[in-house]
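Visitor: One structure is given below, represented as structure tokens, and several questions about it will come after.
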Amino acid sequence: MYHVLVLHGPNLNLLGQREPGIYGATTLDTINEDLGRVAKELSVKVSSFQSNHEGALVDAIHGTIGNYQGLLINPGAYTHTSIAIRDAIAGVEIPTVEVHLSNIHRREPFRHRSYIAPVAIGQISGFGADSYRLGLLALVEYLRTH
Ligand code: DQA
């Protein structure tokens, strides 16, 4: 059974109260519960981890070696700044899907660049909490066909 790591970056612990006009009212706990349900339907296992610390996210990515077959990641603001997270994903060579609640391409110019996208299979951005479900579907489909 495929085991997928779901990583949530900085400030995503505040979902539900954080800029709800942009990020919606759904909490991170609800997103994780929904992913658990979808995972069950897909017969895969998911484990979730959130951190506000870049190094903790890098460590979690390193920890996928031998333990996980896929990575679903919302790197939050580190999307636009973190060469370390990008290098970690490239280094462990884990199939990765990048997700965002908001459509980063229709927001401020500094959000348009993703350091993660070039090492990901693809990016799902702009569907609110549903971006995670769509990202998991895409990742599992990729794992089953590659
Ligand atoms: C985000 C978009 C980022 O630009 C922002 O810094 C976040 C959340 C999203 O899910 O829409 O923290 O990754």
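The values are calculated or read from the model by the stated rules, or taken from the named source; none is laboratory data. The structure presented is a predicted model; accordingly, all values stated were derived computationally and were not measured. Heads up, the Cβs are rebuilt from the backbone with ideal geometry, glycines too, and the neighbour counts pull from every protein chain shown. These area figures cover heavy atoms from the full protein model, side chains too; ligands, DNA and RNA do not enter into them. Shrake-Rupley method; radii C 1.70, N 1.55, O 1.52, S 1.80 Å.
Visitor: Please identify the pairs in which a residue from the stretch 114-125 that is farther than 14 Å from residue 70 by Cβ has its Cβ atom under 6 Å from the Cβ atom of a residue that is open to solvent by 30 Å² or more (accessible area, probe 1.4 Å) and within 10 Å of the ligand (Cβ to nearest atom), counting only partners at least 6 apart or on another chain.
Guide: Once the first residue is farther than 14 Å from residue 70 by Cβ and sits in the stretch 114-125, its partners that are open to solvent by 30 Å² or more (accessible area, probe 1.4 Å) and within 10 Å of the ligand (Cβ to nearest atom) give 125/103.
Visitor: Given the options 71, 134, 139, 143, name the one that is more than 12 Å from the ligand (Cβ to nearest atom), free of Cβ contacts under 8 Å to residues at least 60 places away in the same chain and hydrophobic (A, V, I, L, M, F, W, C).
Guide: The unique qualifying residue is 134.
Visitor: Right, next: Condition first: surrounded by 15 or more Cβ atoms within 10 Å (Cβ to Cβ), more than 11 Å from the chain's Cα centre (by Cα) and not in a loop (DSSP other than H, G, I, E, B). Now tell me which residues in the stretch 91-133 satisfy that.
Guide: Once the filter is applied, which keeps residues that are surrounded by 15 or more Cβ atoms within 10 Å (Cβ to Cβ), more than 11 Å from the chain's Cα centre (by Cα) and not in a loop (DSSP other than H, G, I, E, B), the stretch 91-133 yields 92, 104, 111, 117, 119, 130.
Visitor: Another question, then. Quick one: residue 79 ticks every box in (1) under 23 Å from residue 1 (Cβ atoms); (2) outside any loop (DSSP other than H, G, I, E, B); (3) polar (S, T, N, Q) bar one, so which box is it?
Guide: Evaluating residue 79 over (1) under 23 Å from residue 1 (Cβ atoms); (2) outside any loop (DSSP other than H, G, I, E, B); (3) polar (S, T, N, Q) leaves (1) as the failure.
Visitor: Looking at the stretch 55-76, which of its residues are farther than 19 Å from residue 3 by Cα and assigned to a helix (DSSP H, G or I)?
Guide: Result: 55, 56, 76.
Visitor: Can we say residue 83 is free of Cβ contacts under 8 Å to residues at least 60 places away in the same chain, within 11 Å of the ligand (Cβ to nearest atom), surrounded by fewer than 21 Cβ atoms within 10 Å (Cβ to Cβ) and more than 12 Å from the chain's Cα centre (by Cα)?
Guide: Here the answer is no, as residue 83 does not meet what is asked.
Visitor: Same structure, new question: Considering every residue within the stretch 22-41, establish whether at least one is closer than 18 Å to residue 79 by Cα and either modelled with pLDDT under 95 or acidic (Asp, Glu) (or both).
Guide: no
Residue-wise test of (1) at positive phi; (2) within 16 Å of the ligand (Cβ to nearest atom); (3) touching a strand residue (DSSP E or B) at 6+ places or on another chain (Cβ under 9 Å).
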site	(1), (2), (3)
4	no, no, yes
11	yes, yes, no
23	no, yes, no
28	no, yes, yes
36	no, no, yes
42	no, no, no
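Visitor: (1) in contact (Cβ under 8 Å) with a residue 24 or more places away in the chain; (2) within 27 Å of residue 65 (Cβ to Cβ): which one isn't true of residue 23, the others all being true?
Guide: In the conditions (1) in contact (Cβ under 8 Å) with a residue 24 or more places away in the chain; (2) within 27 Å of residue 65 (Cβ to Cβ), residue 23 misses (2) alone.
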